[in-house]
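A short worksheet on the structure shown next.
The values are calculated or read from the model by the stated rules, or taken from the named source; none is laboratory data. As the structure is a prediction and not an experimental result, all values here were calculated from the model. Note: ideal-geometry Cβ built from the backbone for every residue, glycine included; neighbour counts use all protein chains shown. Surface areas here come from the heavy atoms of the whole protein model, side chains and all, with no ligands, DNA or RNA. Shrake-Rupley method; radii C 1.70, N 1.55, O 1.52, S 1.80 Å.
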There are 4 protein chains.
Amino acid sequence: MTTKPPIAKLGHVAIHTPDLDESLWFFEDVLGLYVVERDDETAYLRAQRDWEHHTLRITESGQQGVDHIAFRTSSPEALDELAEGFEAEGTDVTYVDADERKGHGEAIRVEKFGHPYEFYYDVEKPDAPDGERSGLKNRIYSETDTNRIAPRRIDHVHVQDEDETAKEHAAWLQDELGFQLNEQYRAGDGELWGWWFAVTALPHDIAIHREPAGSPSEFHHLSYHLDSLHDLWSAADILSEEGIEPDGGPGRHAITRADFLYVSDPASGFRIELFAGPGYLNFEPDWEPIEWTESDIGGETSHQWVGQGPDWNGLGYVDE
Amino acid sequence: MTTKPPIAKLGHVAIHTPDLDESLWFFEDVLGLYVVERDDETAYLRAQRDWEHHTLRITESGQQGVDHIAFRTSSPEALDELAEGFEAEGTDVTYVDADERKGHGEAIRVEKFGHPYEFYYDVEKPDAPDGERSGLKNRIYSETDTNRIAPRRIDHVHVQDEDETAKEHAAWLQDELGFQLNEQYRAGDGELWGWWFAVTALPHDIAIHREPAGSPSEFHHLSYHLDSLHDLWSAADILSEEGIEPDGGPGRHAITRADFLYVSDPASGFRIELFAGPGYLNFEPDWEPIEWTESDIGGETSHQWVGQGPDWNGLGYVDE
Amino acid sequence: MTTKPPIAKLGHVAIHTPDLDESLWFFEDVLGLYVVERDDETAYLRAQRDWEHHTLRITESGQQGVDHIAFRTSSPEALDELAEGFEAEGTDVTYVDADERKGHGEAIRVEKFGHPYEFYYDVEKPDAPDGERSGLKNRIYSETDTNRIAPRRIDHVHVQDEDETAKEHAAWLQDELGFQLNEQYRAGDGELWGWWFAVTALPHDIAIHREPAGSPSEFHHLSYHLDSLHDLWSAADILSEEGIEPDGGPGRHAITRADFLYVSDPASGFRIELFAGPGYLNFEPDWEPIEWTESDIGGETSHQWVGQGPDWNGLGYVDE
Amino acid sequence: MTTKPPIAKLGHVAIHTPDLDESLWFFEDVLGLYVVERDDETAYLRAQRDWEHHTLRITESGQQGVDHIAFRTSSPEALDELAEGFEAEGTDVTYVDADERKGHGEAIRVEKFGHPYEFYYDVEKPDAPDGERSGLKNRIYSETDTNRIAPRRIDHVHVQDEDETAKEHAAWLQDELGFQLNEQYRAGDGELWGWWFAVTALPHDIAIHREPAGSPSEFHHLSYHLDSLHDLWSAADILSEEGIEPDGGPGRHAITRADFLYVSDPASGFRIELFAGPGYLNFEPDWEPIEWTESDIGGETSHQWVGQGPDWNGLGYVDE
């Protein structure tokens, strides 16, 4: 009997913005995410095939920053066990009632290595509104009104930590949350620089990279998956039509072997990675982490770009 | 000194519909053509990169049928010479004043082999309206609002004639209008069945196929070109979302080597072929027509489908 | 604590052929699978990113037919527990020594509902030979020598059973092997006709469809996954170059939402489904099966083709 | 009566290499061009759908450099008239006998603005050898053995000149050779920097850009067209497998709106631009040149990259 890891999947990310309308212009009109629900302060968005209520929550608070990263657990029991484990090790656990959140049930919140994580199991899976429903039962929104980018589902998050914190954070994801280490990058200084972890068959659900000692723990990007390389290039076209400069790409990663385009919401400063193309799926129960070094990557071309440019600031966290 | 053929390119097709609103739902909302101008009775549409005022004119007249097929000449002189030639051979020429038509200057109209053809040289090339203009100078409409099908330009027309008429019609296109025969299909009866003609570098600007003796001269389809195979499959997706059954495809033609999807406007009955993919361009000044026979095509698969099913009716012409 | 299902993934299919050279022409030269190892009688093949020793075993035995379908278990313990469970319920279990098989360790073999299944955990993961190794650490074979189809990984199997057997077989996959039912199809007679099951994030790892009462239990197809729709159309091109008529497609399934092309090895009669395109990945821990009916599928177009034509015979099993 | 321009199309480029075997490894094994004919010193290559005998001639001469750029005329008479015109203006014309060249008939050679141009009309159009012939009559080489890049046809050349020479060269292409100016780029100094000319429906058959005063007249790149964006990214994959760093791309040009990847043959230093994607075709008989300025291009992203990096040396010409 092998036990499942407590985490089933990445759930959503909650962010702050100084201007909700401006952020919705970017995420809805330009990128093509769907607004499931909105009130004065907060909008809930998802991609065309995200089954949950939302995968991105945007709150107008006058600030830029990330509120939390949320994972869905593999069962209600797994959620309870996580809470017990955190309590046992002395981590402060905030219990969030179901009525404090839209779209999912009760949650727990902890801050680990400077990153606010939430965990929940129960979810709402709202259908598309009348007139927007796909005629296909295994879809949600109709293909007719989808734009040419058409993000299909949430893919992964990427965060950053200073030196030792990065290593401890990586160890915690493996040891306590049950993530599998798929790939890692060893920098020229002989130390690990980045870790790509998955609890699903994706190349990664969360990645961490290392910043210089003393750097704050920050959020780097949230990724949505597109259907094809064509959609990724449509994204580049549409961004150029709208006068938005991408942060990087289009290109193809050597690590994860996926096609990417990075772009940040001008209002919130929150970075999205549009992800497409082959990548790979990993079903092996005995996967050995793949280690890359500078000489493996072999060059500075965007085609094998490791994932960070010189002025790639992360985004800080905002206290709730 | 070699002289240019009198025809520069396919200009547009004008059709009738019993219900303009219904037809515009199909051509604009579903297929993604742009309405350049519209009054109570008539709408003028074009694809995203059609430089002329329109490539499809739709008139609500209570009838189904095609009004005319229009070619743009290679110069004003070529238009005059065409008129003179028609007069000289005794063909009735209707001179259409510039103010009788929107989007182009004076035209001449002749009926040849049962098909009403118009020719003109002067054109309007309206820009996209404010807010819809592409930021790229070599585009017209912005990529942002283009749907996932995004027809890019008019491609070709395909017409049909009974037996002997088809042969004479084909000879006229070559001899009088200067079209080059790129490919032809010889049927099992030893007679030519289809001809693919071009005056541009496209595999064809106009094709003719043969119907049984006594059949009327009819219009088979107008084709628009898409950027990629992905857009063609998006078309299939969107048609299925909207409950519209394609007439055929997606598939790949052996002749012309292009990817196709046929679909008819439910209101007007007018058939569109969405065209995409490699095809070929032909710049050779001494091209020898390629002849295909049944055994070359080799099978009934849609992948090498010749282009006509058993119940593929053409559409008749409507007297203006 | 939630336990993992005993099965981690589809491992391979073993088949018979009257002519190994002919079958290798089809699978290696035409489709682009890689031969990992071969002796006089047997060849072991895999796709470009299959980590295991092989995903297709072909044995020249003078017969056509399938030898067995093999799944890899999620742990060595899971393999033992499966064996114990089979013994406990009175199922005959054949214990296969590691030295009787190439590429994996000890296995158990049972015949369930007329289908020979094998299960194993230990595997060899041979690298590509010198000169064929990809420069990318998360690939196996180099992109340079890959053909234009380039199957990337094994995807799923599809089997068929008569009436009641199909239902019992489907129940067994769920109840004993821990597969999740992702989608099902209810035929016009009100009875379920097909079931799509997964133990991974794929739309399905194994599907079953129902044949008329009294029909034998047979194997329908093995599927390999391609990187894109373009590769699927390259497959159609290459098959037509080689004079091989596809069994169906290219088309897009409504169920599973994947792009497909079916084609059978002329020598062995074994059917492959080339699979590409969006499909979907399913990470939800509480998935509710999607049920389709004839009216949902909506038509006979290849674009929403359910997956079986009138003359689609399955392939029988061969006693080892 | 409008006369055709004397030039029908770009024919081929002839280059020198210090190592023919090394150059053939790059052009044939890596890029996927076909060797039509080869002797000890010279190889003749073409793309999968190039109808002429060759579109690239490579001669081992111990040097790096371009021998000549060749255009095919629109008729035999046009070739004679070109020669007469050159003689009349006092340009030295070298008459090249048919037996001095493989694959085409008699040619004339002139040096204009430092660039050696050849013109010819008669051509050989050899078929593919047995076993490599496509089953499709409008193809040459079979899809089965084509690699994943699969250049399909020669597209254009790009050359460079110092300041005033560039302007005169551009004027000559228009006035004497009949090229149409499709697009031009005006640099920040208010002067034109680049010109994109076509005599076919392509965005350009030849482009010129301006170098600082005193710079030599050099050759910048020869372009081959691929069928799709997917093939362009396969090129990037294969180059990275082979350890060859691209000179630039993949990216999408604003001018010409085509997708590109630049890469140079390590042996000859000769630069190829792989070209793919939408671009546009131009059939208008009254095209007005599109002028771009720095502010139109809008940024330094590769997506709208103009086409030249700081260290992009051209390649000199070698005296025959």
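A few notes on this one:
- Within segment A:1-23, if we keep just the residues that are in the same structural domain as residue A:54 (by TED's automatic domain parsing) and more than 24 Å from residue A:104 (Cβ to Cβ), the residue that is surrounded by the fewest Cβ atoms within 10 Å (Cβ to Cβ) turns out to be A:21.
- Across segment A:61-72, the number of residues qualifying as within 23 Å of residue A:21 (Cβ to Cβ) and either open to solvent by 80 Å² or more (accessible area, probe 1.4 Å) or among the small types (Gly, Ala, Ser) (or both) comes to 5.
- Qualifying residue in segment B:229-249 (condition: within 21 Å of the chain's Cα centre (by Cα), at pLDDT below 95, in a loop (DSSP other than H, G, I, E, B) and at the interface with chain D (Cβ under 10 Å from one of its Cβ atoms)): no
- Of the residues making up segment C:23-47, those that are more than 16 Å from residue C:10 (Cα to Cα), part of a loop (DSSP other than H, G, I, E, B) and either in contact with a His (Cβ under 7 Å, 6 or more places away or on another chain) or modelled with pLDDT of 95 or more (or both) are C:31, C:32, C:33, C:41.
- Cross-chain or 6+ apart pairs with Cβ under 7 Å, segment C:73-99 first and closer than 18 Å to residue C:7 by Cα and open to solvent by less than 20 Å² (accessible area, probe 1.4 Å), then part of a helix (DSSP H, G or I) and among the aliphatic types (A, V, I, L, M): C:73/C:79; C:73/C:82
- Cβ pairs under 6 Å, 6+ apart, first in segment B:141-164 and at positive phi, second open to solvent by less than 10 Å² (accessible area, probe 1.4 Å) and among the basic types (Lys, Arg): none
- Test: residue D:150 is in a loop (DSSP other than H, G, I, E, B) and surrounded by 17 or more Cβ atoms within 10 Å (Cβ to Cβ): yes
- Whether a residue is within 12 Å of chain B (Cβ to nearest Cβ), among the hydroxyl-bearing types (Ser, Thr, Tyr) and under 23 Å from residue D:168 (Cα atoms) was assessed, and residue D:73 passes this test.
- The conditions of being over 24 Å from residue B:269 (Cα atoms) and under 19 Å from the mean Cα position of the chain (by Cα) are not met by residue B:219.
- Hey, residue C:194 over 26 Å from residue C:6 (Cα atoms) and surrounded by fewer than 24 Cβ atoms within 10 Å (Cβ to Cβ) or not: no
- Looking across segment C:211-228, just one residue is within 14 Å of chain D (Cβ to nearest Cβ), in contact (Cβ under 8 Å) with a residue 60 or more places away in the chain and in contact with a helix residue (DSSP H, G or I) (Cβ under 7 Å, 6 or more places away or on another chain), and that is C:226.
- The requirement of being in the same structural domain as residue B:292 (by TED's automatic domain parsing), among the polar types (S, T, N, Q), within 18 Å of the chain's Cα centre (by Cα) and surrounded by 23 or more Cβ atoms within 10 Å (Cβ to Cβ) is satisfied by residue B:160.
- Yes/no for residue A:208 being at the interface with another protein chain (Cβ under 9 Å from one of its Cβ atoms) and touching a Gly at 6+ places or on another chain (Cβ under 8 Å): no
- Restricting segment A:197-227 to residues that are over 20 Å from residue A:7 (Cβ atoms) and in contact with a strand residue (DSSP E or B) (Cβ under 6 Å, 6 or more places away or on another chain) leaves a set whose member that is surrounded by the fewest Cβ atoms within 10 Å (Cβ to Cβ) is A:214.
- Positions within segment C:258-284 being within 14 Å of chain A (Cβ to nearest Cβ) and touching a residue at least 40 places away in the same chain (Cβ under 8 Å), in sequence order: C:258, C:275, C:276, C:277, C:279, C:280, C:281, C:282, C:283
- Any chance residue A:174 is over 22 Å from residue A:315 (Cα atoms), more than 14 Å from chain B (Cβ to nearest Cβ), open to solvent by 10 Å² or more (accessible area, probe 1.4 Å) and touching a residue at least 40 places away in the same chain (Cβ under 8 Å): no
- Flag for residue A:57 being in contact (Cβ under 8 Å) with a residue 24 or more places away in the chain, open to solvent by 10 Å² or more (accessible area, probe 1.4 Å) and under 13 Å from the mean Cα position of the chain (by Cα): yes
- Restricted to strands (runs of 3 or more DSSP E) entirely inside segment D:57-139, those with at least 1 residues that are within 30 Å of residue B:279 (Cα to Cα) are D:65-73, D:115-120.
- Matching residues in segment A:241-255 - criterion: being crowded, with 23+ Cβ neighbours inside 10 Å and either in contact (Cβ under 8 Å) with a residue 60 or more places away in the chain or farther than 20 Å from residue A:194 by Cβ (or both): A:250, A:255
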